[in-house]
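**Student:** I am attaching a structure below and will ask some questions about it afterwards.
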Amino acid sequence: MSASEQINGFSEEEELDIQAELEEGYAEIEEKYAVDTQQGIENVLVIDNIPIVDEGKKQRLVDRLRQLFAKAGAAIEEENISMPWDDKAASNKGFIFLTYPDAQQAENALRVLDGTSFGKNHLYVNRFGDIERYANMPVGEGELPTGWKEKPYVEKDHLRSWLGDSAGRDQYLTFRDTDVSIWWNGRNGAAEAVKGADGKPLKNSKWGELYLQWSPLGTYLASLHRVGVALWSGPKLDGPIGVNVLRFTHPGVRLIQFSPCEKYLVTWSDEPLENYENHSIAALRETFGPEDEGNHFVVWDVKTTRVLRTFPADKPAGANADEASRMAWPVFKWSPDDAYIARCNVGAGISVYELPSMGLLDKKSIKIEGVQDFEWCPMSDKDLAARKDGKGKENMIVFWTPEVPNQPARVNLMAIPSRTILRSKNLFNVTDCKFYWQSQGDFLCVKVDRHARKAKTKKATFCNLELFRVREKDYPVEVIEFKDYVPQFAWEPAGTRFAMVSSNDPNFGQAIPGVVVKYNIDFYQLDPKKGDFTPIKHLDSKIANTLVWAPKGRHIALATIGSSTKFDIEFWDLDFTVDERREGSEPGANVTMLGTGEHYGVTDIAWDPSGRYIATSASSWRSSPEPGYCIWDFKGQQLVHESKDRFKQFLWRPRPSTLLSKEQIKKVRKELKEFSRQFDEEDAAEENRGSAEKLAQRQREISEWNAWRARNNKRLDEERKSRGKERKIEEKGGEEEKVEEWVEELIDETEEVVVG
């Protein structure tokens, strides 16, 4: 035996066998872990802005990231996640690498994960190949890579530029057939088309496809199309895509709803989303994934036009052709600060989602057995400012549950996100409940429709008003009982009064042709001494069934809508001062009707944001016999009447809260007399300018008439002369015919009200 055989312990033949086995094993390993040079690194993504954690929290961070990725539709195994580590700092470096099986899955992950919220962080996703390619580009300073073209910078116009109108005018929109026009509402209803920088009226053939809707603060004009929604903004409500036009692709969209602060948007279609993975339209492929198939609701981020989440409908769509008209809208309801969006799962609970992550609050719904409906409590400007500073009270919702054996119906106030029950109120013999919040969140009215205790049916025959004083300790509740049914209730904006419509007419709700239902109108206000609500005015046997408060309160319009024979409108002032001595001694003494009017076929009524004008419209969508619109002043004087065939919509453009600071508001109030004098001078100048224009117009018309008459007389004389029949002109001793025009101008008008 040789020395080598003794040392190694194997013969030469055995060594050859071992070597062959090792080479075969290495070949398998190399084949398993070989880099596919054809595939490259297009399947690798880099995710930045990952939270920095130590070794003890590393595994938990990875698990949470995997849960987020899976929820977004980009699931990945843990061994395909690489997290660079800083040994000196004993923490991660704030970014990770994801390796997907192929480039297509990586592209899908890039689409659904980029910009996703992870706690307080927003994740930013890039292709690994892009980072390497851009970093190695041989580009000099101020140069562009080969083949690239410089894209000109497009400055975004101020989205609220219309608020800078020197005359403080409001805008409104009219939609007739397929034509959409936008107007300035001038003094005494004088309309002027809104024009662009080129001096031409704003027009867009794309606006009139389905219908239009302003956003809550007036920043965007939303136009609905068969393929989705477009939001238009800026001075011209037009511009390059992504600058002044935002597009949201949702086939068959029929309803939309903005969040109060205009950050988010919900769209609904009765057509379920399909699997657009291989669709010919790129926008559909890029917007929706396989996980969205079959859903009807889409929640969007407005500024990024990114889908936050999609949801299915409660019931299968298409079961009834009239589903949209019967569906309770909105289905999703926003908190006033845009922090949450919630949905009522009737009979089971309320699902509250945090924005913008769209994750369930505390990862679970609020289980409330039997819950029927809920509403968020509004916030005042002061409350919203406190919320932005991280202070102030929590959000609040109110919800109700019906009666079950051995348990009464109940109304509850709940704080969000703590889920603390702030107040509960038991109710009996309840048919339905409706919630009416005062605009500042100071008061809540729960209108309880009730039935008799031993009635065979639960049809509501009378009503209770449960009035919660939300700003006071322990949320005291005042109950006002009515023997009649109350179809409508409305708080005065930012005030302490409310109005309601009630009826005991046996024909109410039966829709008998030609029969006019009688209603009662009642006004209540908070008594500061007693601390409860007291009636101040009762109007009996009215035909008005609709209440519309002016945005600033004080004025209210009572309209008859939905009747086939009556179309009356009444204009009331609740603070009309006649005799200051009667104001304190007689509640309701200042409630005065300023005027009345009629708009045949009226279907809608709305105040402008200033509260100085009110518009009534008759829409062909609601089969009005005479489509068109009217504009009235707050006293009930009709300023504009336009009858237009195929007229569809009239929409005032909303205004945001004042942009003035507290100091500026105080200064304006202090110097109000000076400003009033300035405005009076401008009004007088406008009045004189109008009179001067009318006079000049009349003079032009007289001059044109005289010129036309002179031309025709000359032509007639020439014709007579050619025929040998010259006209003999009799001399009148030098007398000349004079034409005088008398113009009467109204200098002043004084109206005196005599109270008997």
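**Student:** Roughly how many percent of the accessible protein surface of the chain is carbon and sulfur, given a 1.4 Å probe and a whole-percent answer?
**Tutor:** Numbers: 22020 of 45550 Å².
That share works out to 48 percent.
**Student:** Please enumerate, by chain and number, the aspartates and glutamates with C-alpha under 15 Å from the C-alpha of residue 93, excluding those fewer than 8 residues away in the same chain.
**Tutor:** 48, 54, 55
**Student:** Work out from phi, with θ = phi - 60° and the Karplus expression 6.51 cos²θ - 1.76 cosθ + 1.60, the ³J(HN,Hα) of each residue of the stretch 171-187, listed in order in whole Hz, and give x for Gly and Pro.
**Tutor:** 10, 9, 10, 10, 10, 10, 6, 10, 9, 10, 10, 10, 10, 8, 8, x, 5
**Student:** Kirkwood hydrodynamic radius, computed over distinct alpha-carbon pairs, for the stretch 390-529: how many Å, to one decimal?
**Tutor:** 16.7 Å
**Student:** Based on alpha-carbon centroids, what's the gap between the stretch 434-479 and the stretch 185-200 in Å, whole number please?
**Tutor:** Rounded to whole Å, the Cα centres lie 45 Å apart.
**Student:** Leaving out same-chain residues fewer than 8 places away, which lysines sit with a Cα under 22 Å from that of residue 195?
**Tutor:** Cα-Cα hits under 22 Å: 156, 203, 206, 236.
**Student:** Enumerate by residue number the chymotrypsin sites (Phe, Trp or Tyr not before Pro) in the stretch 506-576 meeting two conditions: DSSP loop (anything except H, G, I, E, B), and at most 15 other Cβ atoms within 10 Å of the site's Cβ.
**Tutor:** When the chymotrypsin sites (Phe, Trp or Tyr not before Pro) of the stretch 506-576 are filtered for loop state and at most 15 Cβ neighbours within 10 Å, 576 remain.
**Student:** OK, next. Helix-only mean residue ellipticity at 222 nm, the chain, DSSP H runs n ≥ 4 weighted -39,500 (n - 2.57), per residue, nearest 500. What is it? Please list the in-between numbers first.
**Tutor:** Details: 11 runs with 149 residues, N = 756.
The helix contribution divided over the chain gives -6500 deg cm²/dmol.
**Student:** Trypsin sites (Lys or Arg not before Pro), restricted to the stretch 148-209: which are DSSP loop and have at most 11 other Cβ atoms within 10 Å?
**Tutor:** Loop-located and lightly packed - 149.
**Student:** In square nanometres, what is the average projected area of the Cα convex hull of the stretch 38-80?
**Tutor:** Working: hull surface 15.6 nm².
In nm², the orientation-averaged hull projection of the stretch 38-80 is 3.9.
**Student:** Compute, for the chain, the length of the dipole vector about the Cα centre, with Cβ point charges of +1 (Lys, Arg) and -1 (Asp, Glu) only. Units Debye, rounded to 20. Walk me through the intermediate numbers first.
**Tutor:** Values: 103 positive and 125 negative charges, 802 e Å.
The calculated dipole for the chain is roughly 3860 debye.
**Student:** Per residue, how much accessible area does the chain show when a 1.4 Å probe rolls over the protein heavy atoms, in square angstrom?
**Tutor:** 60 Å²
**Student:** Once you wrap a convex hull around the alpha carbon atoms of the stretch 540-690, what is its projected area averaged over all directions, in nm²? Kindly include the intermediate steps, with their values, before the conclusion.
**Tutor:** On the way: hull surface 49.8 nm².
Orientation-averaged projected area of the Cα hull: 12.4 nm².
**Student:** So, one more: Using each residue's phi in the stretch 431-443, evaluate 6.51 cos²θ - 1.76 cosθ + 1.60 at θ = phi - 60° and report the 3J(HN,Hα) Karplus result to the nearest Hz, with x for Gly and Pro.
**Tutor:** Those phi angles translate into 9, 7, 10, 10, 9, 10, 8, 6, 4, 9, x, 7, 9 Hz.
**Student:** What length, rounded to one decimal in nm, is gained on full extension from residue 328 through to residue 48, with 0.36 nm per residue of separation minus their alpha-carbon distance?
**Tutor:** Working: separation 280, 0.36 × 280 = 100.80 nm, distance 4.20 nm.
Using 0.36 nm per residue and subtracting the Cα-Cα distance, I get 96.6 nm.
**Student:** A further question follows. Which percent of Cα pairs goes in each bin when the distances of the chain are cut into 10 angstrom slices starting at zero?
**Tutor:** All Cα pairs, binned at 10 Å, distribute as 2, 9, 16, 20, 17, 12, 8, 6, 4, 2, 2, 1, 0, 0, 0, 0, 0 percent.
**Student:** Between the DSSP loop rule and a limit of at most 16 other Cβ atoms within 10 Å, which trypsin sites (Lys or Arg not before Pro) in the stretch 490-537 are left?
**Tutor:** Working: sites: 497, 518, 529, 530, 537; in loops: 518, 529, 530.
Answer by residue number: 518, 529, 530.
**Student:** Full-extension gain between residue 404 and residue 281, please, as 0.36 nm times their residue separation minus the C-alpha to C-alpha distance. The partial results should precede the final answer.
**Tutor:** On the way: separation 123, 0.36 × 123 = 44.28 nm, distance 5.18 nm.
Between residue 404 and residue 281, full extension yields an extra 39.1 nm.
**Student:** Excluding same-chain residues fewer than 8 positions from residue 391, which aspartates and glutamates have a Cα within less than 15 Å of its Cα?
**Tutor:** Straight-line reach from residue 391, under 15 Å: 337, 381, 383.
**Student:** Cross-chain or 8 or more residues apart, Cα under 23 Å: how many lysine pairs in the stretch 548-649 fit that? Count them up, please.
**Tutor:** Numbers: 552/635; 566/635; 566/644; 566/648.
Number of lysine pairs found: 4.
The values are calculated or read from the model by the stated rules, or taken from the named source; none is laboratory data. Because the structure is predicted, anything quoted here is derived from the model rather than measured. Positions of Cβ are generated from backbone atoms using ideal geometry, with glycine treated the same way; all protein chains shown enter the neighbour counts. Heads up: the accessible areas ignore ligands, DNA and RNA and are worked out on the full protein's heavy atoms, side chains in. Shrake-Rupley method; radii C 1.70, N 1.55, O 1.52, S 1.80 Å.
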